[in-house]
């Protein structure tokens, strides 16, 4: 259990228009910070006013990308309380990432406590409009001032908060995706299953090229044969073929998404067959040609579910489910978002609630 | 041609002991900074006192690893002037990296001018002791305050300087290296040929494991078959087998080292056969067993040349050249460092000199 100092901001910010938030554009009044120093461990956990970081230009994070992040959301319920969705899973994944890139562990209960404390402090920033939420961004950066290519001896663990708009302003519309067969997101033995910054910077060029060609997302293939499906954009991907659902197995190069894990549990609870295995593009294309490719969707914290209506592969276009959202896709979306906003009963123990008796609402 | 403002530090730092510098521990009095903003391009180039950066916690560099760096050195000649070694090559490579990770180009002549101006300003920091030099670290970081996974709309291009000690304090001794067959540095379609931070953070775990086992460096293999040699630590690698020298071809996953390029040119000028091709570990092991593996060495800016005396692969140890530095390794080292310090004639046009008439010396 951390003893967290809370230093309140003297002046609170004006809040932005809750109907025009976008994603990651606005930040709340406070942030969480905890320091790490070799020999001392993690210390000085505190909530303080949101402000610039002051770092030496030689800090390891600027040169060798020793950094990681997590992402989750706080949801405003109709009764005014605030829900979190499986924050312990983010804490566990954070530690898996930290192991991979040689950063120190953070106890999961401390992680969750830090999230809860910061969200409680800035509870008035959890928006109420349909589909909006407060995005929570925990991250760790290496701060030692040295140019040695070694794990840093000091770190900052921080959490910042950003109120975000509805992902689907005009409803849950399917998107067209581009199958990338030149650039690679991750390879076995690399950092694809860790949530570290470098993978995202490296992926920007493919995403930019796809957008220029009119596609919403890139579908990543494996690094070795450029044949097996990995992820879509920054989401995991699911295919429904003749009543069965398939998603790529966690082979070492795929991010273990928390929404992915939740979707698998939901499908099992509904007795819908779900398989985690290697999926080749040949299988997908053949299923599409035979009329067996019934639904395709991405899963991630930002969008929850992103239905795919078209796949572009080696110059050919394959339409999925007549470019309409499928019934399983819709059911998963309604169930997960229903749980998150407190309108659907949670039988899985996924929801944690933060009381906000005092001043809920966008003041 | 940039118009660079020079804002001098009011108080200069005490200089460290030049016989105990290490690598990347001390920084000089000034740094170079230039801003980029979408729509304005690069602007406000300036030399200013070395000081902390102030960045929003949501700056893209902290989350998505959109960052790159370069490395080169300034060498004190016996006549008091200062040499740079092929700084234009660093500028060209910077732009190749920037293309890959969606950052804006910097004209090579502006890059070189910025390097020269900063080194000239802090000329008194170029040490004189044998083997010491002033390490130059140009880097670019993404600064836009947003959590969108898109190329940043703003950047900082910076250069910082660090006086560094002799890499080989006790002479040019061969090291033992560990052939890594689990972790992967880079794959085709990835960012291995770009000098971006994420690759270095991702490599730390293998390097740490190798050090714990008593090895100086990791020898990286290809991502697909884990069979072909790629790099050693953060250096390129060369093998001399029966009088011929081999180095892995630039296949897309290998960093195009400037020392690598210089070594190839030197060998050609000496009529020593040099081949850039795919090299399998089988070839290396077979040559070692037959007594044909005559010399192995790494090349990079920090060490210039690092002789390899032993290779550990799948539980077996292979000794190279009786664990002694080979004649070609020695000749390359002496020639390159001789040119860099101004004691060997440069027939290649690699050396640029910076006048230091006023106040050279470690004051």
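The values are calculated or read from the model by the stated rules, or taken from the named source; none is laboratory data. Every value quoted in this text rests on a predicted model; they were computed, and no experiment measured them. Every residue, glycine as well, gets a Cβ built from its backbone with ideal geometry; the counts of neighbours run over all protein chains shown.
Any idea how many residues of region B:105-130 are buried (at least 17 other Cβ atoms within 10 Å of the Cβ), in contact with a helix residue (DSSP H, G or I) (Cβ under 9 Å, 6 or more places away or on another chain) and either in the same structural domain as residue B:255 (by TED's automatic domain parsing) or outside any helix (DSSP H, G or I) (or both)?
Total meeting the criteria: 2.
Mind checking which residues of region B:131-166 are in contact with a helix residue (DSSP H, G or I) (Cβ under 7 Å, 6 or more places away or on another chain) and more than 12 Å from chain A (Cβ to nearest Cβ)?
B:134
Please go through region A:47-71 and give me each residue that is more than 10 Å from chain B (Cβ to nearest Cβ), surrounded by 19 or more Cβ atoms within 10 Å (Cβ to Cβ) and within 17 Å of residue A:30 (Cβ to Cβ), ordered by number. Steps first, please.
Residues of region A:47-71 that are more than 10 Å from chain B (Cβ to nearest Cβ), as a first pass: A:47-49, A:70.
If we keep only those that are surrounded by 19 or more Cβ atoms within 10 Å (Cβ to Cβ) too, we end up with A:47, A:70.
Within region A:47-71, just A:47 meets the criteria.
Has region B:14-34 got any residue that is under 20 Å from residue B:134 (Cβ atoms) and free of Cβ contacts under 8 Å to residues at least 24 places away in the same chain?
yes
Regarding region B:269-280, can at least one residue be identified that is in a helix (DSSP H, G or I) and out of contact with any strand residue (DSSP E or B) (no Cβ under 7 Å at 6 or more places or on another chain)?
In the first step, residues of region B:269-280 are kept if they are in a helix (DSSP H, G or I); the result is B:269.
Checking which are out of contact with any strand residue (DSSP E or B) (no Cβ under 7 Å at 6 or more places or on another chain) leaves us with B:269.
Yes, there is a match, as at least one residue in region B:269-280 is in a helix (DSSP H, G or I) and out of contact with any strand residue (DSSP E or B) (no Cβ under 7 Å at 6 or more places or on another chain).
Kindly provide the set of residues from region A:18-29 that are more than 21 Å from the chain's Cα centre (by Cα) and at pLDDT 95 or above, ordered by number.
A:29
What's the total number of residues in region B:13-46 that are in a loop (DSSP other than H, G, I, E, B) and within 14 Å of chain A (Cβ to nearest Cβ)? Please lay out each step first, then the result.
Of region B:13-46, the ones in a loop (DSSP other than H, G, I, E, B) are B:13-29, B:38-40.
With the extra rule that they be within 14 Å of chain A (Cβ to nearest Cβ), the set shrinks to B:13, B:16, B:21-29, B:38.
The total comes to 12.
Yes or no: region A:31-42 includes at least one residue that is in contact with a helix residue (DSSP H, G or I) (Cβ under 6 Å, 6 or more places away or on another chain) and within 15 Å of residue A:155 (Cβ to Cβ).
The initial filter retains those residues of region A:31-42 that are in contact with a helix residue (DSSP H, G or I) (Cβ under 6 Å, 6 or more places away or on another chain), namely A:32.
Okay, now just the ones that are also within 15 Å of residue A:155 (Cβ to Cβ), so A:32.
Looking through region A:31-42, at least one residue is in contact with a helix residue (DSSP H, G or I) (Cβ under 6 Å, 6 or more places away or on another chain) and within 15 Å of residue A:155 (Cβ to Cβ).
Please go through region B:195-223 and pick out each residue that is at the interface with chain A (Cβ under 8 Å from one of its Cβ atoms) and within 23 Å of residue A:226 (Cα to Cα).
B:198, B:199, B:202, B:223
Residues checked against (1) modelled with pLDDT of 95 or more; (2) touching a strand residue (DSSP E or B) at 6+ places or on another chain (Cβ under 8 Å); (3) closer than 23 Å to residue A:64 by Cβ:
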{"residue": "B:62", "(1), (2), (3)": "yes, yes, yes"}
{"residue": "B:66", "(1), (2), (3)": "yes, yes, yes"}
{"residue": "B:73", "(1), (2), (3)": "yes, yes, yes"}
{"residue": "B:76", "(1), (2), (3)": "yes, yes, no"}
{"residue": "B:89", "(1), (2), (3)": "yes, no, yes"}
{"residue": "B:104", "(1), (2), (3)": "yes, yes, yes"}
{"residue": "B:109", "(1), (2), (3)": "yes, no, no"}
{"residue": "B:128", "(1), (2), (3)": "no, yes, no"}
{"residue": "B:135", "(1), (2), (3)": "yes, yes, yes"}
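Hey, among A:161, A:156, A:221, which residue is crowded, with 23+ Cβ neighbours inside 10 Å and over 19 Å from the mean Cα position of the chain (by Cα)? Write out each step before concluding.
Values: A:161 fails: over 19 Å from the mean Cα position of the chain (by Cα); A:156 fails: crowded, with 23+ Cβ neighbours inside 10 Å.
Matching residue, one of A:161, A:156, A:221: A:221.
Taking region B:224-242 only, how many residues are within 14 Å of chain A (Cβ to nearest Cβ) and surrounded by 21 or more Cβ atoms within 10 Å (Cβ to Cβ)? Let's see the steps before the verdict.
Step one: of region B:224-242, the residues within 14 Å of chain A (Cβ to nearest Cβ) are B:224-228, B:230-235.
Now restrict to residues that are surrounded by 21 or more Cβ atoms within 10 Å (Cβ to Cβ): B:228, B:230-235.
Looking only at that region, the number is 7.
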